[in-house]
Structure formats: C-alpha cells, structure tokens
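Reviewing the structure listed below.
The values are calculated or read from the model by the stated rules, or taken from the named source; none is laboratory data. Predicted, not measured: the structure shown is a model, and the values here were computed from it. No Cβ is skipped: glycine too gets one built from the backbone with ideal geometry, and neighbour counts run over all protein chains shown.
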Amino acid sequence: MQWLGWLKRTKTHDDGRLRTWRKDWTAAVEQPSRSGAQALRARLIELGIDSDDHEIEREMLEGLETLVELSEAVAGNEPPTIPTGHRAVGADRCYFSAPGSLPDDPAQPSGTLLLTSTRAIFVGGARAVTIPWHSVGACSRQDRDVLLVRVDRQDLHRVRCNSYGDALRAAFLAGHLSPRRRV
C-alpha cells in the first residue's frame, strides 16, 4: 500500500519550510550568487534531500547553480558560444540549444530551442518559430517555461524546457540578448 502514499499526502511540518525554501530560491534566481546557492543547498539537505519527495527542489537547485555559472561567465562579456551545425542558426553565433516544446500549440510539438546573437528560434513540429531580438518586448520565466512577448503583435511565445536549468539559462540569455530587459 506504500505506493499509494502519494495520493494520501497530507501537510507536514516540512511543508512550511519547503514553501519558504522555494520563496528564497525564487529570490536567489533574481540575484544569482554562489553563496546563495550554497546556502539553499545546505537548507535543502536539512529538509531531507535524500527523499524522493524533494526531486523537484533538487532540480531547481541544480538549475540555480548552472545559472550562477552562466551569470559569472557573462558578467561584462558576451555569452559563451556553443558549436552547432543546425542550419536554422545560419551564420549567427549560437549561445543556447536545448530540447523543448510549445505547450500552447494544439499539436504541442517537441523540438529544439536555439538562442543566437540575433534571434530566438524554435525548430520542431510543422513550422519553425523565429523571433528577432529587436522585436522582443519582454522575456520572463515561469517554472520550466520561457516566455517571449513580441512588441509588434504582442504575441506570447511560450517554450517549455525539459529542466529548470535549461529554462533558467534560456531566460537569462534572452534577457541579456534582448535590447529590452526581462520583466
């Protein structure tokens, strides 16, 4: 009967501490630092990181740690380029490539999210979505989703990443590459 335990979950003493941890994680994402990530890791260990109940929080923490590395690498410089032979990138410098999907599309196609020096590209499904950086009015992140809003038509493009790390890095880079900063 233990396998049905997830159906019967009740609020425990740890729920309040976990909510606080998630709130602090959200604040740490806005100002990524090694010390902040280390403090969150120590608190997560106190909550019982070995438990399967904390799998999402471990993924969130790993995502924060990759964001810290990226923000340190970008500080005052251009983001590091990655090699790609994807023809959609063309002659652009590519800074990010990760699997993703379009959850708002009726077909919910899976594909690849690419961030280049001039545009964001989603390749997958029946058609590619290309958004030049100069037409991005706002970019943000919600959980594992990266949101890009176009200035010209006020369209919202939502790309769902497979991990918090991918979503955090993509949102950070989109905010860095877009002439208008993140919301």
Quick one: Glu59 ticks every box in (1) in the same structural domain as Arg169 (by TED's automatic domain parsing); (2) surrounded by fewer than 18 Cβ atoms within 10 Å (Cβ to Cβ) except a single one, so which number is it?
(1)
Among the candidates Arg150, Arg160, Arg127, which residue alone is outside the structural domain of Pro32 (by TED's automatic domain parsing), buried (at least 16 other Cβ atoms within 10 Å of the Cβ) and charged (D, E, K, R)?
Arg160
Do we find a residue being in contact with a helix residue (DSSP H, G or I) (Cβ under 9 Å, 6 or more places away or on another chain), among the aromatic types (Phe, Trp, Tyr), under 30 Å from Gly48 (Cα atoms) and not assigned by TED's automatic domain parsing to the domain that holds Leu44 anywhere in region 132-146?
no
Considering only region 163-183, state which residues are crowded, with 17+ Cβ neighbours inside 10 Å, touching a strand residue (DSSP E or B) at 6+ places or on another chain (Cβ under 7 Å) and of a type outside the set (Lys, Arg).
Asp166, Ala167, Leu168, Ala170, Ala171, Leu173, Ala174, Gly175, Leu177, Ser178
Selection count, region 82-101, where residues are assigned to a loop (DSSP other than H, G, I, E, B) and under 26 Å from Glu30 (Cβ atoms):
1
Quick one: Arg160 ticks every box in (1) closer than 23 Å to Val74 by Cβ; (2) in contact (Cβ under 8 Å) with a residue 40 or more places away in the chain except a single one, so which number is it?
(1)
Please verify whether Val123 is aliphatic (A, V, I, L, M) and more than 17 Å from the chain's Cα centre (by Cα), treating the condition exactly as stated.
yes
Thr112 fails exactly one of the following numbered conditions: (1) outside any loop (DSSP other than H, G, I, E, B); (2) more than 17 Å from the chain's Cα centre (by Cα); (3) polar (S, T, N, Q). What is the number of that condition?
(2)
Filter region 135-154 for residues that are assigned to a strand (DSSP E or B) and within 17 Å of Asp105 (Cα to Cα); which is farthest from the chain's Cα centre (by Cα)?
Arg150
